[in-house]
1. What distance in nm lies between label points placed 7 Å from Cα along the C-beta direction at Leu139 and Met78?
2. Long-range amide H contacts for Ala82: which residues qualify at under 5 Å (H placed 1.01 Å from N, peptide plane, sequence gap of 5 or more or a different chain)?
3. If you bin every alpha carbon distance in the range 113-170 into 10 Å steps from zero, what whole percent lands in each bin?
4. Quick check of the Kirkwood formula: for the range 73-170, what is the inverse mean of 1/r over all pairs of different Cα atoms, in Å?
5. In whole Hz and in residue order, list the ³J(HN,Hα) couplings for the range 98-107 that follow from phi through the Karplus curve 6.51 cos²θ - 1.76 cosθ + 1.60, θ = phi - 60°; x for Gly and Pro.
Amino acid sequence: MRRGTRKSLRPAGGSPRLRANRGRNARRRRGEFDRSYMDNGSPARIGRDVLRILLLEDRDADAELVERALRKAGFAYMFDRAQSEADFLAKLDPAPHIIISDYYVPGCDALHALRLVRARGLDVPFILVSGVIGETRALEAMRLGATDFLLKDRLGRLGSAIRTALELAA
């Protein structure tokens, strides 16, 4: 047999599995919520609604890391970012479904932001994300009402942390 004349045994459109993945990826790019992609579908509680997320983060690179983790988890979401205390307070109305906060943002750390949220009477899940903070500060945040704590180098767990926080808030 000559080189390059061998016929492929695959169907013209690729394998059925490849075609299914192409369809799912196209739906995700259009922003559709695909529950079959989610593990156990906990966010099915909000159905095909878009998850409203408020992120308190001052660094662009870290905000992109969080957003990438959210996309990888398969959420359909609206991402609103605050970089200061005044900006954060303004974006609390209407209340988001969940708040993700860096531990230290100049002028407004996560503990202060958590106190502001609770002072407004909002019972919104609050996830603390940080590069390096001690165990004592993480425990203090949990005592004040933070739902979860994640290190920035372990953001792969963000999807399950959000699902758990939403289940607890329900």
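A short reminder: the numbers here are calculations on the coordinates, not readings from a lab. None of these values were measured; they are calculated from a predicted model. No Cβ is skipped: glycine too gets one built from the backbone with ideal geometry, and neighbour counts run over all protein chains shown.
1. 4.0
2. Leu55, Leu56, Glu57
3. Whole-percent P(r) values from 0 Å outward: 23, 53, 24, 1.
4. Evaluated on the range 73-170, it is 13.7 Å.
5. With coefficients 6.51, -1.76 and 1.60, one gets 8, 10, 10, 10, 5, 5, 10, 10, x, x Hz.
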